[in-house]
Amino acid sequence: MLVELERDHERREWERVRARSLDELVAEGRAMSGLVGYWQGGMSKGKARAPKARVGVFTREGMEKLGWSRLKEGDRVELSVAVREGEEEATGPQLQDLLPKEATISNAKKQKDNAPPRPAQLFATVLAVETHRLRLLFHPPNSLVDLEACPSWRIDLAPNDAIDVKIDEAIERLAVDAAALEASDAEGKLELQGTQLSAALVGEADERAPTGSMFEQDQLIRSWYTRYARPDPLVLDGDPDLRLNPSQLRAVATMLANRISLIQGPPGTGKTHTLVAALVLLKKHFAVAAPVLLSAHTNIAVDNLCEGAMRAGLEVVRVGPSSRLEEAGCTLEKKMEQHPLYTRLEGVRAQMAGIKRRLAALEHEGGEGQGQDHAHDPASTTSAASLRANLSPLIGDHRQLPAVVKSREAREQGGERSLFERLIEEGTTPSVMLEEQHRMHPELAAFSSQHFYEGKLRNAPSTEEIDPLALAAVSASRRLIFIDHPGLEHHHPIPRSGPTHLAANTQRRGEYRRWVPGKGEGHCPLFGREE
């Protein structure tokens, strides 16, 4: 399987990286050392009253700047006791002394019989990277670790298996016969999983899969998407003004008219704006009660969608860590804290945690597996994350950066080809391309349009007013420059005169290629005369 080829490659890469010295890892931005930690919100001494997710804050002594690193929001990190400067090994408490008993027991249970003891491990997720502080999210039982008892922490980037788990779950659900499962659940007692769109996603035929739009029985919505899917939309009195251009209106109509659709959005064409407009149309104008799930491949993209929806006056619940939206009060955690029964929930969690600790201790003393009942329970064996999607528009652009596939074997077998790209190329799934861009000067857009979008990309009038980049070393008349950079990449702090300094360095060893609309590509030395 392509996924396994990529994972094997990543595991080998991580093993090679971790074999390097601490100084090398720090220089590469893969590790930080000499940090002190404490729990956000007090309770710095002792253990928490109940095992729950907590935020740990890490700083340097004297609140010095953390310095450059590769750490970013969502990364998984491993924590260990740091070796202080001038020492050959860590002094003071060891990691296993700082970890709660539950983590030690859980670690011991995972070992095979007669296997050597596994070293204690402590993992967390990066919540926010600031100039002087690093905020990490700890989940139970790691959230009970005594942060302040360690005089110096070391933090290393670690493989993030959370994505792997979600990928495996998604692949398993694609194999679920959702139609048969739903037909057998006459009383509605099972938690349904899978989707009847699986056949369309994997390119197979399924006569039982629903066709057409989920809104085809709603005459108002059906009238709207039928009229706006035309090349010349038929506008009626009472239609909301969504402030969209023609291709964006066709995209929204295509989303609503089909169970699965593809919306291709070149740079600056308003993918987020179009999607938010579709939500406003459904929720505010047509008052559709069905919930809508917005998902994206990065936390930043999800935050952008959430902020756009909130600005439009929509009710949003952000699932997952987001320091950016925490203050807005729209995260799931904040919503739960605002519920009047939240204090009772904390009490129930504390009771459950106590029961789990006692059970874990008994299992550890009496041998793993004793006293356990593994009776089949449909409610507990289905994933809480399983969703029943009746309408799935996919929004992206296969002409922009492809998936990062490091395994050569996986690339040779087509691992870089995304689902979106495959469906576009097959041509059987309804699709629309957003055609008007608002981000680039027309000279830059002309290159993208001709080379990647078959000349279909148009420019919004406002793009003519975009000022050129103000670089003293580059003529303002040169909008598009390709710089040949054959040397290896190294990290160096950018000086205050950053762009000018870099351009001056490039002048000594580089060349540029200038693409002229209608004339193609010209070649001449950097900063030389124009061709």
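Read the figures in this text as sums done on the coordinates, not as results from a lab. Bear in mind that the values here come from a model prediction, so they are computed numbers and not experimental data. Counting neighbours? That spans all protein chains shown, and the Cβs are built from the backbone with ideal geometry, glycine included.
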note = In debye to the nearest 20, the charge dipole size for the range 261-367, taken about the Cα centre with +1 at each Lys and Arg Cβ and -1 at each Asp and Glu Cβ, equals 200 debye
query = Rounded to the nearest 0.05, what FRET efficiency is calculated for residue 482 and residue 406 with R0 set to 30 Å and r the Cβ-Cβ distance?
reply = 0.75
query = Tell me, in nm to one decimal, what length is gained between residue 339 and residue 176 on full extension, where the rule is 0.36 nm per residue of separation less the Cα-Cα distance?
reply = 55.1 nm
Contour excess over end-to-end distance, with Cα ends at residue 1 and residue 28 and 0.36 nm allotted per residue = 6.6 nm
query = Put a dot 7 Å past each Cα toward the Cβ at residue 38 and residue 63; how far apart are the dots in nm?
reply = 1.1 nm
request  = Output the Kirkwood hydrodynamic radius of the range 210-254, Cα pairs only, in Å rounded to one decimal.
outcome  = 11.1 Å
message = Using the basic label-point model (7 angstrom from Cα toward the beta carbon), what is the residue 123 to residue 332 distance in nanometres?
response = 1.8 nm
